[in-house]
Each structure stands twice: as structure tokens, then as C-alpha cells.
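The values are calculated or read from the model by the stated rules, or taken from the named source; none is laboratory data. From a predicted model like this one, the values you see are computed outputs, not experimental measurements. When we count neighbours, we look across all protein chains shown, and the Cβ atoms used for this are built from the backbone with ideal geometry, even at glycine. Quick note on the areas: whole protein, heavy atoms, side chains included, nothing else; ligands and nucleic acids left out. Shrake-Rupley method; radii C 1.70, N 1.55, O 1.52, S 1.80 Å.
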Amino acid sequence: MAQASARAVVVGGGIGGLTAAVALHQSGWQVTVLERAPSLEPVGAAISLSPNALRALDVIGLGDEIRGLAAWQGGGGGVRTPRGRWLSRSSADAVAERFGGPLVLLHRATLIDGLAARLPEGAVRTAAAATLDDPGDPTGRPARLRTPDAEWEADLVVAADGIHSAVRRTLFPGHPGTVYSGFTTWRVVIPVPGVAFAPHETWGRGCIWGTHPLKDGRVYAYAAAVTPAGGHAPDDERAELVRRFGDWHDPVPAVLAAARPEDVLRHDVHHIAEPLPAFHRGRVALLGDAAHAMPPTLGQGGNQAVEDAVVVAHHARDLPAYTAARLPRTTAITRQAVKVARLNMMSNRAGTAVRDTVIAALSKAAPTLFLRGFDGIADWRPPQRPYAAGKAGTGKR
């Protein structure tokens, strides 16, 4: 338990920052979250939480509530070709059996609301862009920050300020930062009445599409394509999706027909290719994309931020231990996500034909092929209760 006078400041009110704030608050810290945006309304559409992140949420008492939002039940998902042929099949039951829990897809706003509700009134300050002036010394001076209307001292600063983290640049000015991953993404969350489908991700040549149901009846769809950085549609992004994906298998045309241009979000993908030398300096810890931005090809960006959050709370008085616990794991997962991106964003016609043939053959011979890629990722366990007595990385909840 932290001393009653210990103060933590979290820079960034996204999923990782709010999870860290809740975990620290529940451990006895006085916590303030400084969010530069005018509200906590999240940027983005949906997030997929795998069993590792759900176990982290168990630490703060939110795991079962989120598990109850799982829309994918039983069997019927997998990877398809643009014409609709199944390359690989998987099921929710197989995921739960292998990793001890479900895969839950939910709107980011739902998770943000659940986290914010677990913080004291006034703990979150919006429209509060923070600048780190001094990282402090763990055995001496506190960390120092400032916002436009105040100055702050903290025994601990958790920097969850995203992929373009200003705190990261302050701590490690010589680090090259992020690189373009080679592709851009589109995302949409909309109702698509009367359309039934099995959850799927479809791999084309240099592009992918995914369609998944949410518990509230809406559909989450995402797409990605190899394209130069900084591009935009000449008209609107929905029209761009129609040009690229409009003749793909059902339900892709129905989703595009139901979407409005303003429903579509587009973002280039960047990742940290050269790992940071540490995830901390002085009294400051980096978390989530600020520490280890990765391509979304494993669906682990937000999941790793949630893991970071409970681990930094566990090691709040020993940040070198936080780095030791998180840097090797997230570096390995980032590298794996980059490798998967090279596979599913492959553009060469002959190469994609071979890729699809091999995937289909291996999936028939070894139906759990794709799940094996998450061994050592989805089976992770937090260092705190209720998992502290178990062996990390093994077993079920």
C-alpha cells in the first residue's frame, strides 16, 4: 500500500492511462489524470480485449463486467479471401479453452466510461495539456509538470500520452521515435440492420477487411491497405472504401452501403521499430503507445497498455522493475506484429496465392494454427491478486 501522501499524476486519459489511474487509486495513491482533450471521449472506434487484458482488468474489478459484453459466442469465425472462401476457421470456444477466457470486442467509449467511474470525482482534468519539466529523482526530488493554469509535483508520473508522446521525447531526446508501418487503416462502428455474418478478417493483396459484431447490435468493421503515408481520399473515405472493397464478399457491400462518410475514421499506422532503452527515467514511467507503439495486426496495442497499467501500479515504487517486466515482452510482441503485417499486407500476386494456399493447408492439418500465434501473449497473468498465487503465463482464470 502506498503512503497516504504519495501523489501520482497520469498524463493522458486514454484506456491505458485511466487503467493505471484506477490501479494506483485502489493501491492508496492520490491520483490526478491530466488529459489534453476537452473531454474523455475516446479517439477511435472499438477495441478487442483478449484474455490477458481481461485478467489485468480483474485486478481493478472490471474484468467480469467487460466479459459480459462478449458478442462472439460458440463457433464461426476466421480468415477469408475477398471472394469469400474460408482459409482458416476458429471459434470463441476454442479461444476460451486455450487461453482461459473470451475475446471481447467493445466500443472504446464503453471501456473509458467504466474506468472513469472507478476514479474519485475531480480526479480527471480535461483541457489540461501537460509538459514535463523535470523527471525527478527516485531517491530525491519529485517530478515536476505544468499545465496552462497550474504547476504539479508528483512522486510518480505515468506518461500515457500516446504514439506521439511529448514525455517520451523529453525523457529520451535521442530516440528516433516512430516509423510509418507502410499502411493506413479505416474504422467504422454502425448499425447494419438485417445482416447476419460470422466474424471474419479477409486478406487480399496489400489490403485486409474485418467485420465483427458488437454486443449492442452494431457492427465494427475495419480495413487496411498499403499506401503512402499522409494520403486522403479525393472525395471522402467511404467512397475510397467502396473503390477498394466494394466488390468483396458479403457482408462487406452491406456495411459500406450502411455507412456514411462521416462514420469512417482513417489513420496512418506507425510503430516504434527501435525499442526504447527503458520505460522509465527518474520518477516517470511510459505506458502503452508512448512506450511501445505497435501495428494493430495482433490486436494487442490496447491490451498491452492495460497490462502496462496494472504492472506499473504494482511496481510504482520500483520503476526499474517495471521496465524489466514490460520492455522485453512488449518488444517481442511488437516484432511479432510487424511480421504479421508483412504477411497479411503482402502485395505480390504470386506471393499472396502461395500465402493463401499454405494457410488453408495448415489450417486443415492444424486447426488451432492461428491460436498458437497467441501462446505467450493471451495467457499472460498479472503479478497482483487474484493471480499472484498462480504461475504467470499459464493456466486459466
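Tell me the mean residue ellipticity at 222 nm calculated for the chain from its helices only (DSSP H runs of n ≥ 4, each -39500 (n - 2.57), averaged over every residue, nearest 500).
-9500 deg cm²/dmol
Please list the three semi-axes, largest first and in whole Å, of the ellipsoid equivalent to segment 300-357, using sqrt of 5 times the eigenvalues of its alpha carbon gyration tensor. Don't skip to the end; give the middle numbers.
Numbers: eigenvalues 261, 19, 7 Å².
Semi-axes from the Cα gyration tensor: 36, 10, 6 Å.
At 1.002 mPa s and 20 °C, plugging the Kirkwood radius over alpha-carbon pairs of segment 1-116 into Stokes-Einstein gives what diffusion coefficient in µm²/s?
Details: Rh = 16.1 Å.
After rounding, the answer is 133 µm²/s.
If you line up the Cα atoms of segment 117-181 on their principal axes, what length do they span on each, largest first, in Å?
Principal-axis extents of the Cα atoms in segment 117-181, largest first: 39, 32, 24 Å.
If I take R0 = 56 Å and measure r between the Cβ atoms of D64 and H267 in this structure, what FRET efficiency does the formula 1/(1 + (r/R0)^6) give, to the nearest 0.05?
For R0 = 56 Å, the calculated efficiency reads 0.95.
Select from the chain the helices, each a whole stretch of DSSP H, whose alpha-carbon atoms run 27 Å or more along the helix axis and whose Kyte-Doolittle mean is at least -1.0; answer none if there are none.
On the way: long enough: 319-344 (36 Å, -0.04).
What comes out of the filter, once short or polar helices are dropped, is 319-344.
When the scattering of the chain is computed by the Debye formula from its Cα atoms alone, each counted once and equally, what is log10 I(q)/I(0) at q = 0.06, 0.14 Å⁻¹?
-0.23, -1.27
Restricting to Cα atoms and excluding each atom paired with itself, what does the Kirkwood estimate give for segment 162-238 in Å? Kindly include the intermediate steps, with their values, before the conclusion.
Working: mean 1/r = 0.0647 Å⁻¹.
This gives a value of 15.5 Å.
For segment 214-221, in order, what is each residue's ³J(HN,Hα) by Karplus, 6.51 cos²θ - 1.76 cosθ + 1.60 with θ = phi - 60°, in whole Hz (x at glycine and Pro)?
Per residue, the Karplus-derived 3J(HN,Hα) values read 9, 4, 7, x, 6, 10, 9, 10 Hz.
Might you tell me the accessible area per residue for the chain, computed with a 1.4 Å probe and given in Å²?
43 Å²
Using a basic spin-label model with each label point 7 Å from the Cα along Cα→Cβ, how many nm lie between A233 and A361?
In this crude label model, A233 to A361 measures out at 3.9 nm.
How much space per residue, in cubic angstrom, does the convex hull of the C-alpha atoms of segment 224-378 take up?
On the way: hull volume 25.0 nm³, N = 155.
Once divided by residue count, the hull of segment 224-378 is 162 Å³.
Counting pairs of alpha carbon atoms under 8 Å apart in space and at least six apart in sequence, what relative contact order in percent does the chain give?
Details: 803 pairs, mean separation 86.0, N = 397.
Relative CO of the chain lands at 22 percent.
Subtracting the Cα-Cα distance from 0.36 nm times the residue separation, let me have the gained length for V354 to R146 in nm, one decimal.
Extra length from V354 to R146 when fully extended: 69.4 nm.
For segment 224-284, what is the convex hull volume of its Cα atoms per residue in Å³?
On the way: hull volume 9.9 nm³, N = 61.
Enclosed volume per residue, from the Cα hull, is 163 Å³.
How far apart, in nm, are the 7 Å Cα→Cβ label points at Y180 and D137?
For Y180 paired with D137, the spin-label model returns 4.4 nm.
Considering only protein heavy atoms and a probe of 1.4 Å, how much of the accessible area of the chain is carbon and sulfur, as a whole percent?
On the way: 8990 of 16930 Å².
Looking at the chain in its full context, I get 53 percent from C and S.
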